[in-house]
Amino acid sequence: MDDSELIAGARAGDRMAARRLYDRHAPRVYRLMFRSVGDEELAREYTQDTFVKVFQRLEQYRGDSAFSTWLHSVAMSMLFTGLRRLKRVRARELELATAASVPAGDDAGDPHLRDRLQSELERLPTRLRVPVLLHDIEGYTHREIAQMLDIPEGTSKARLSEARARLRVALAGVVTD
Amino acid sequence: MMDEQELERRLRELKETWRIPRNPPLEEIWQAVEARAFPAVPERRSWTRTVLPLAAMLLLGFGLGQFAPRLLQQKSSKPAELVSVIPVVATDQSRDPFVGIATDYIERVTGLLVTLTDAHRGQMIRIAQARELLATTRLLIDSPQASDPHLRALLDDLELVLAQIVRLPPRATSPDVYLIDQTLDQREVLPRLRGLLAENSTSQP
């Protein structure tokens, strides 16, 4: 059974169809969330919010793009909303905490390229990290990324280019493993 | 400096190694998705009419026992003032689904926060319930009907508290709960919630 049949079933209230649609796409969405935030609890929360919204708005899916692309655009929206909230909540926690400490996270001395690449990737701002994650690691095309993030294709390319340039600068002189 | 091709190759390699989730809780996520996206038709009206006044009385009773000594020490009458400015959430639940959801939510979140005070005495904090309530909080914050500034401020504070509870370790210790306790205290969350419940119960037909 393909996605369109499952979507039709889910729209008609068939929970089994909805479940099969979920089983088909949830692993990739969860992995994407986990890679984006690096935290199991947040990945679970954002994946859950994504699928709730997808099933609540299934009527709005017109089939103009692949279902997975539409689903991932919802996922990205949930991710960015979640990250904004997280930033706000953490800022308020810091306001309240009397003995809160911020982890230094300084591993600049790590000699291994792969480890340094991972840590530099994590340090990129979200707007640059996500295109790298989607294009270079997850293998999406710029066209798909543009649809997911609701940005022009050229912007996706430009952000990826900027991210790579920053990574190359950050990794200059690192010993290769 | 590393060239473009080398960087691309290195990034592709990360696909197999970087942040691979070990045991994605997909079944657990589905249970939550199913409950939220395909909810059973609730019999809210009769249920809330029966339980809400009782819950309000119980909470007020609990509040008197729990907080009266502290309140007596305070010279200011701030909680009472807060209660008076909190908007009445419900007047006719049958006309507005938001009111029913909000009322149910406020009862449950109050129950959870009251339980939290018991955590100091070694009881389990219900993280799963907090997670569910956090999701509802965010839906309510996003709702255009939650435009009242007092209600929004309360929801913002509840979001903060629930997010803190969700991030607690399984065996939370007193220092873990301290920050939450501090937030509850500084923002007078429980008095505001109790005020909202009390106002709501008196407005029931």
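The values are calculated or read from the model by the stated rules, or taken from the named source; none is laboratory data. Predicted model, so just to flag it, every value in this text is computed and none were measured. Positions of Cβ are generated from backbone atoms using ideal geometry, with glycine treated the same way; all protein chains shown enter the neighbour counts.
See the values below:
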| quantity | calculated |
| --- | --- |
| Selection within region B:17-31 - touching a Phe, Trp or Tyr at 6+ places or on another chain (Cβ under 9 Å) and charged (D, E, K, R) | B:ARG19 |
| Single residue of region A:1-24 satisfying the filter (within 22 Å of the chain's Cα centre (by Cα) and crowded, with 20+ Cβ neighbours inside 10 Å) that is nearest to A:MET78 (Cα to Cα) | A:TYR22 |
| Residues located in region A:56-72, provided they are surrounded by fewer than 20 Cβ atoms within 10 Å (Cβ to Cβ), touching a residue at least 12 places away in the same chain (Cβ under 8 Å) and either within 10 Å of the chain's Cα centre (by Cα) or part of a helix (DSSP H, G or I) (or both) | A:LEU58, A:GLU59, A:PHE67, A:SER68, A:THR69 |
| Selected residue (criterion: farthest from the chain's Cα centre (by Cα)) from residues of region A:141-174 that are away from every other protein chain (no Cβ under 12 Å) and assigned to a loop (DSSP other than H, G, I, E, B) | A:PRO152 |
| Flag for B:ALA135 being assigned to a helix (DSSP H, G or I), at pLDDT 75 or above and within 14 Å of chain A (Cβ to nearest Cβ) | yes |
| Residues being farther than 22 Å from B:THR17 by Cβ, surrounded by fewer than 15 Cβ atoms within 10 Å (Cβ to Cβ) and of a type outside the set (Val, Ile, Thr) - total across region A:120-157 | 7 |
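Here's the yes/no breakdown for (1) part of a helix (DSSP H, G or I); (2) buried (at least 19 other Cβ atoms within 10 Å of the Cβ); (3) modelled with pLDDT of 70 or more:
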| residue | (1), (2), (3) |
| --- | --- |
| B:THR91 | no, no, no |
| B:GLY100 | yes, yes, yes |
| B:ILE106 | yes, yes, yes |
| B:THR117 | yes, no, no |
| B:ARG121 | no, no, no |
| B:ARG152 | yes, no, yes |
| B:PRO175 | yes, no, no |
